[in-house]
Amino acid sequence: MKLRRTFAVVIAVIAIVLGLAVVSGFQLYDEAVSEREQQSVDTAATAAAAQVDSVLAERARTIELAATDPVMLTQSRQRRATLRRLVTQTPFQGLSVIRANGTMTAIESEGLSADRRAAVIGGDFSDRTYVQQALAGQTHVSEPIEAETGNLIVTIATPIRANGSVVAVLSGAVHVRD
């Protein structure tokens with residue numbers, strides 16, 4: 001009888017030790033899988049951020065180049081045609097020119113109605129960060145914001161210079177897509 005009880009106790013202790021070993025093994029495995037998963041997510045996020053930075057830098061170079069076109073300084077049909085061409089041939093869904101006093105003087109955008117264009121032209125945009133930064137002489141890339149159209153956009157603005165002075169801002173909107 002005593003031998004049975006001892007045997008039962010030994011079996012119970014072995015079962016408890018083995019159970020603890022199995023549970024500990026699963027916990028270690030779960031931690032290792034979670035760590036690898038986190039590393040994979042971090043790597044993917046870093047790669048995506050680098051790709052987004054690269055795309056935004058390319059968009060900034062595009063708008064900086066467009067701002068050097070002398071037609072941007074004019075109030076002409078030629079400027080409107082140039083803006084329209086840039087909207088159709090570049091990744092920008094909309095472009096606008098804003099004078100140094102903050103007044104919008106031109107806008108071209110995909111799907112913009114004539115009534116909406118007329119309502120926006122002449123508006124004061126001097127309180128916008130992207131306008132202020134560009135008027136200070138710096139190209140500015142905004143954080144994503146929701147536009148009046150409901151689209152999530154990033155605005156890239158750069159100064160337009162004449163004789164070394166900033167006289168206006170060329171800004172472009174890029175829709176952020178999922």
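The values are calculated or read from the model by the stated rules, or taken from the named source; none is laboratory data. None of the values given here were measured: they were computed from a predicted structure. As a convention, Cβ positions derive from the backbone with ideal geometry for all residues, glycine included, and neighbour counts pool all protein chains shown. Ligands, DNA and RNA are stripped out before the accessible areas are found, and what is left, the full protein with its side chains, is counted by its heavy atoms. Shrake-Rupley method; radii C 1.70, N 1.55, O 1.52, S 1.80 Å.
Odds and ends about this structure:
- Under the Karplus curve 6.51 cos²θ - 1.76 cosθ + 1.60, θ = phi - 60°, whole-Hz ³J(HN,Hα) for the range 94-102, x wherever Gly or Pro sits: x, 9, 9, 10, 10, 5, 4, 7, x
- D (Stokes-Einstein, µm²/s), Kirkwood Cα radius, the chain, 1.002 mPa s at 20 °C: 107
- Computed E for F7/Q38 - FRET, C-beta separation, R0 35 angstrom, nearest 0.05: 0.15
- Against the main long axis of the alpha-carbon atoms of the chain, helix 77-89 sits at an angle near 20°.
- Split the accessible area of the range 106-178 by element, probe 1.4 Å, and carbon with sulfur accounts for 46%.
- Protein accessible area in the range 44-104, 1.4 Å probe - carbon and sulfur %: 57
- Rounded to 10°, Cα long-axis angle of helix 2-67 versus longest principal axis of the chain: 10
- Computed with a 1.4 Å probe over protein heavy atoms only, the accessible surface of the chain comes to 66 Å² per residue.
- Sum of side-chain charges, G102 neighbourhood, beta-carbon under 13 Å (Lys, Arg +1; Asp, Glu -1): 0
- Size of charge dipole - the range 71-148 - debye, nearest 20, with Cβ of Lys, Arg +1 and Asp, Glu -1, no other charges: 500
- Rounded if a/c under 1.5, otherwise prolate or oblate - the range 63-148, Cα gyration tensor axes: rounded
- The protection proxy used here, the mean number of other Cβ atoms lying within 10 Å of each residue, ranks peptides 16-24, 139-147 as follows, highest first: 139-147, 16-24.
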